[in-house]
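Read the structure below first, then the notes.
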2 protein chains.
Amino acid sequence: MIEAQSFQIIDGKHIADVIKSEIAAEVALRRKSGKKIPHLAAILVGHDGGSETYVAHKVKSCEQVGFKSTLIRFEEEVTEEELLGKVAALNQDPDIDGFIVQLPLPAHISEQKIIEAIDYRKDVDGFHPVNVGRSSIGLPAFVSATPAGILELLRRYNIQTSGKHCVVIGRSNIVGKPVASLMMQKSYPGDATVTVCHSRTHNLSEIIRQGDIVIAALGRPGFVKADMIKPGAVVIDVGTTRVPCSETKSGYRLKGDVAFDEVAPKCSYITPVPGGVGPMTIVSLLKNTLLAVQNK
Amino acid sequence: MIEAQSFQIIDGKHIADVIKSEIAAEVALRRKSGKKIPHLAAILVGHDGGSETYVAHKVKSCEQVGFKSTLIRFEEEVTEEELLGKVAALNQDPDIDGFIVQLPLPAHISEQKIIEAIDYRKDVDGFHPVNVGRSSIGLPAFVSATPAGILELLRRYNIQTSGKHCVVIGRSNIVGKPVASLMMQKSYPGDATVTVCHSRTHNLSEIIRQGDIVIAALGRPGFVKADMIKPGAVVIDVGTTRVPCSETKSGYRLKGDVAFDEVAPKCSYITPVPGGVGPMTIVSLLKNTLLAVQNK
């Protein structure tokens, strides 16, 4: 029998608020000294509920920290050419420091083509191959929001990573692969032994149980159970699956990849869902935009 | 006591020769149908013995398969600006399909700046961030020579990789990181659970012993011993350290990262040094150059 130990909840909401204050202070300083105010633009195609919510959050967060923000809307029927035209215009616009194209896009538009058309110096989502590649070889780059947010949480909670075994569950291009890449770099947070496992992995439980740090990003609610976790592990839950719920106004609630109630007592640190990694993603985007204007 | 089992040597020299014949046949076909003959250029700065040897091998291999090749030499004192000028000229030259800048460069020149100046469509060494990034997210790209050579060996020997645990020792930008990235992609060879370990890893032996496939790329001769290897594992030795040797004309011989004599009897497959991964690297470069001309 394994004894429950005292665990600490990693409060992403709180850390995100702290960082927003830091960014706001930096913007106020720029304003005072006559420097350019960071300006983030977002392109939103169609009216998908999730996308609407995310973009609205991003715009609101820009306001909170004193950024300029611009929301550019297109209807679902927009052609790839029109969208590429807008991307080219934003690339050229000296007032726009960074911009994002909210994904997913309608099926008739190639997301990859759009992403690669963005000037990598304005690619604050960090999806352009130049940013993925530079980050992978350890050079300064815009790191995408979720991986950057995870590392920031580890940093703010002073969690040791050097030589630790970090097990990443999931190999998506926007979370699993980039966070694995960051965790193996010679830096802090980083310098970890990194294992990436996924749907094809044999003995998945056995491998996850080796993790001193477990980053769950597979998108299967409640997948990670207590018996998969080594006592004292740090557990980062990236899952945000919407599950139907009669108790909320929206009719759904977010559920993580980790069975929180049974896993938490075995951990040293754990992120909740919601309120863990989620709030950090927008903050990463704001940090990248600030970096973009500082890089000029 | 572990019984010795019969193991198979992965004959990189032979496979490289087979692939060279395939490329030569393809070039002959192109010639016959009036298509452009692939043209590889190499820039060599200074007179480092190792670099001279590598570049000479590359030029000779081009001749063997019927490519055009151009060797461009600069003295050690060349300025970064002059070198960038030459890179720009090669980027523009329609007859050059691909080119490489032999590394290392003298200390007064930024290797990264030179690499990033190369048009990624001619970057047949696969070091440009666009190629690193595209490869990482699973898109077509020029993959750098050693990782591509390793995957080709696995493919030619029909070695199963899906769901296997692949342990990569070493996290260099030219071998460890890119081969790890390839082995986790949804493809063959790939689809493996991948662990990257390195100098900071705790319990290194224990982790290596989990590997169904072990890729040793740390550059420490004879580091991997028999007790670190799971019976039946596939062992790929990327090490090529020059050690002094009185029995060879050159005064040195190449030594791998694996203690071959004791490790081989435990393996199902193993690459020797020399004659394993080494011969495959030039072949990968030729394949990339052929791809470059086909992409046009």
task = Considering every residue within region B:237-258, establish whether at least one is under 24 Å from A:K177 (Cα atoms), in contact with a Cys (Cβ under 6 Å, 6 or more places away or on another chain) and at pLDDT 95 or above.
result = no
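Within region B:147-168, how many residues turn out to be of a type outside the set (A, V, I, L, M, F, W, C) and under 18 Å from B:T195 (Cα atoms)?
Residues flagged as of a type outside the set (A, V, I, L, M, F, W, C) and under 18 Å from B:T195 (Cα atoms) within region B:147-168 amount to 7.
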ask   = For B:F67, are the conditions met, namely being in contact with a His (Cβ under 9 Å, 6 or more places away or on another chain), aromatic (F, W, Y), in contact (Cβ under 8 Å) with a residue 40 or more places away in the chain and surrounded by 15 or more Cβ atoms within 10 Å (Cβ to Cβ)?
value = yes
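Would it be correct to say that B:A107 is under 27 Å from B:R220 (Cα atoms) and aliphatic (A, V, I, L, M)? It would help to see each step written out before you state the result.
Numbers: under 27 Å from B:R220 (Cα atoms): yes; aliphatic (A, V, I, L, M): yes.
It is true that B:A107 is under 27 Å from B:R220 (Cα atoms) and aliphatic (A, V, I, L, M).
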query = outside the structural domain of B:G49 (by TED's automatic domain parsing), surrounded by fewer than 19 Cβ atoms within 10 Å (Cβ to Cβ), within 24 Å of B:V55 (Cα to Cα) and of a type in the set (S, T, N, Q): does that describe B:T289?
reply = no
Checklist (1) without any contact (Cβ under 8 Å) to a residue 60 or more places away in the chain; (2) over 13 Å from B:T195 (Cβ atoms) applied to A:V196, failing item = (2)
key: Residues of region A:156-181 satisfying the condition of being in contact (Cβ under 8 Å) with a residue 40 or more places away in the chain and small (G, A, S)   = A:G170, A:S172, A:G176, A:S181
task = Look at B:K13 and say whether it is in a loop (DSSP other than H, G, I, E, B), surrounded by 13 or more Cβ atoms within 10 Å (Cβ to Cβ) and of a type in the set (K, R).
result = no
task = Select from region B:254-273 the residues that are in a loop (DSSP other than H, G, I, E, B) and of a type outside the set (S, T, Y) and write down the one among them that is surrounded by the most Cβ atoms within 10 Å (Cβ to Cβ).
result = B:G256
request  = Hey, could you check region A:38-64 for residues that are in contact (Cβ under 8 Å) with a residue 40 or more places away in the chain and hydrophobic (A, V, I, L, M, F, W, C) and say which is surrounded by the most Cβ atoms within 10 Å (Cβ to Cβ)?
outcome  = A:L40
message = I need the helices (runs of 4 or more DSSP H) fully contained in region A:95-163, keeping only those with at least 1 residues that are surrounded by 16 or more Cβ atoms within 10 Å (Cβ to Cβ) and more than 10 Å from chain B (Cβ to nearest Cβ).
response = A:111-117, A:145-156
key: Residue match in region B:218-226 (condition: of a type in the set (V, I, T) and under 16 Å from the mean Cα position of the chain (by Cα))   = no
inquiry  = When you scan region B:43-51, do you find a residue that is outside any loop (DSSP other than H, G, I, E, B) and closer than 23 Å to B:V293 by Cα, even just one?
reply    = yes
ask   = Looking at B:G49, B:G66, B:G34, B:G85, which is the one that is small (G, A, S), more than 17 Å from B:T281 (Cβ to Cβ) and at pLDDT below 95?
value = B:G49
request  = Looking only at region B:264-272, decide whether some residue is more than 23 Å from B:E26 (Cβ to Cβ) and without any contact (Cβ under 8 Å) to a residue 24 or more places away in the chain.
outcome  = no
Segments classed as strands (runs of 3 or more DSSP E), wholly inside region A:170-253, with at least 3 members that are touching a Ser or Thr at 6+ places or on another chain (Cβ under 8 Å), surrounded by 24 or more Cβ atoms within 10 Å (Cβ to Cβ) and more than 9 Å from chain B (Cβ to nearest Cβ) = A:234-237
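Limited to region A:72-94, what total is found for residues that are outside any helix (DSSP H, G or I) and either surrounded by 15 or more Cβ atoms within 10 Å (Cβ to Cβ) or in contact with a Leu (Cβ under 9 Å, 6 or more places away or on another chain) (or both)?
4
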task = With the condition kept exactly as written, say whether any residue in region A:19-28 is closer than 30 Å to A:G232 by Cβ, at pLDDT 95 or above and either among the aliphatic types (A, V, I, L, M) or in contact with a strand residue (DSSP E or B) (Cβ under 7 Å, 6 or more places away or on another chain) (or both).
result = yes
ask   = So A:G276 fits all but one of (1) in contact (Cβ under 8 Å) with a residue 40 or more places away in the chain; (2) part of a loop (DSSP other than H, G, I, E, B); (3) more than 20 Å from A:L153 (Cα to Cα); what number is the exception?
value = (3)
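Got a number for residues in region B:53-71 being touching a Leu at 6+ places or on another chain (Cβ under 7 Å) and under 21 Å from B:P106 (Cβ atoms)?
Adding up the residues that qualify gives 3.
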key: Given (1) buried (at least 22 other Cβ atoms within 10 Å of the Cβ); (2) not in a helix (DSSP H, G or I), index of the condition A:V283 fails   = (2)
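The values are calculated or read from the model by the stated rules, or taken from the named source; none is laboratory data. Here the structure is a predicted model, which is why all the values come from computation and not from measurement. Methodologically, a virtual Cβ is constructed for each residue, glycine included, from the backbone with ideal geometry; neighbour enumeration extends over all protein chains shown.
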